[in-house]
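See structure below.
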Amino acid sequence: MEHPENNPKYAGLNVNKGVSQPPIINPYLKQKKKRQDYSPAEYTEQILKGNITVLSQAVTLVESQKNEHQAIAQEVIEKCLPYSGRSVRIGITGVPGAGKSTSIDAFGVHLIHDRNRKLAVLAIDPSSERSKGSILGDKTRMEDLSREPLAFIRPSPTAGSLGGVARKTRETIILCEAAGFDTVFVETVGVGQSETAVHSMVDFFLLIQLAGTGDELQGIKRGIMEMADGIIVNKADGNNIDKANLAAAQYRNALHLFPLPPSGWSPKVLTYSGYYKTGITEIWNMVDEYMTFTRNNGFFEFRRNSQAKYWMYESINEQLKNHFYQSPQIAKELLLKESQVLHSEISSFTAAKLMLDKYFNETK
């Protein structure tokens, strides 16, 4: 629009037209591509090609609570199942602060560079009981491994349901194996309930211990020691070497008191330093020796079959539980029974029996 001040009768006055308004969106900014939705067959095809991006999307579907996502995920898992089972599955546990993530970082780099392995790391992170949030910071603690193109690191939050996460982790193992990963690490949240779940999905269970943290006998817990196929004492460096060797000797003596495990393998105790990356070769020589031993005596196949059967029953239990709580009639009745229990009108056990009776009558 021409300014009136530029009229010849206003001699000496001149107003510039100004600068045109720049576009709101940066023209040099690349538009983010919308996430592509694949069919189950396309997911499977890309996973078998080793496409990490599509593998990550498939794992997200596995972890999703939406029914439509679960339907796709289960079909993808079924299609990938014939291509799975060819990896070595390692469970890694230890008390908080034992150096699990640092050790996995060192182990992973060793396996990729020295043994030509392709590694997937599935880490179960604890979620806050208050906010239900999770940090998922494993990639920040695995600095070297996170830069390796042959490594895939996937943290998963427990979100208050360890059993559900454990089942989804087992399904994720199948997808990773189909994508060509020949070694799978499953890291637990720490010594506790998660160990039993992880032990039921791996071939070798590795327990990381510490020395010099007080009474060494406190680390010798029968339950976790009996599950371990190998025990390693971390931070065997500097002034801590003697303490680490002493702790290792105490663990060896403790293992002699336990009966021989069903595999026939006598668990070994080694020392190493995750920070200085010493003693790692000996650890993986132990793992290879164990795998050869159990494959030769048939325990490897027996354990895999037992685990498959175990997870079939676990899946049934979880589906029954979900079906119970997702019933609208049950949800209404639960509130009433809860109020009766709180007012001491009926006992907790009676309320539970009444609810189950109602559920089974509805499903007949």
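Here is how the numbers come out for the structure above:
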{"item": "Those residues of region 168-190 which are of a type outside the set (A, V, I, L, M) and in a helix (DSSP H, G or I), in sequence order", "result": "K168, T169, R170, E171, T172, C176, E177"}
{"item": "Filter pass, D125 being of a type in the set (D, E, K, R), at pLDDT below 85 and touching a Pro at 6+ places or on another chain (Cβ under 6 Å)", "result": "yes"}
{"item": "Residue, surrounded by the most Cβ atoms within 10 Å (Cβ to Cβ), within region 233-288, restricted to residues that are without any contact (Cβ under 8 Å) to a residue 24 or more places away in the chain and not in a helix (DSSP H, G or I)", "result": "S266"}
{"item": "Verdict on I112 being assigned by TED's automatic domain parsing to the domain that holds I153 and part of a helix (DSSP H, G or I)", "result": "yes"}
{"item": "Qualifying residue in region 348-363 (condition: outside any helix (DSSP H, G or I) and charged (D, E, K, R))", "result": "no"}
{"item": "Candidates E318, E345, filtered to the one that is charged (D, E, K, R), in a loop (DSSP other than H, G, I, E, B) and either under 30 Å from T196 (Cβ atoms) or free of Cβ contacts under 8 Å to residues at least 60 places away in the same chain (or both)", "result": "E345"}
{"item": "Condition check for N14: surrounded by 11 or more Cβ atoms within 10 Å (Cβ to Cβ), farther than 30 Å from G223 by Cβ, at pLDDT below 70 and among the polar types (S, T, N, Q)", "result": "no"}
{"item": "Residue check for P259: more than 27 Å from L354 (Cβ to Cβ) and at pLDDT below 95", "result": "yes"}
{"item": "Hits in region 267-279 (condition: over 21 Å from A249 (Cβ atoms) and under 25 Å from the mean Cα position of the chain (by Cα))", "result": "Y275, K277"}
{"item": "Residue, surrounded by the fewest Cβ atoms within 10 Å (Cβ to Cβ), within region 142-165, restricted to residues that are at pLDDT below 70, in contact with a Ser or Thr (Cβ under 9 Å, 6 or more places away or on another chain) and in a helix (DSSP H, G or I)", "result": "G164"}
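The values are calculated or read from the model by the stated rules, or taken from the named source; none is laboratory data. Note that this is a predicted model, so its numbers are computed, not measured. Note that we place each Cβ from the backbone using ideal geometry, even for glycine, and neighbour counts take in every protein chain shown.
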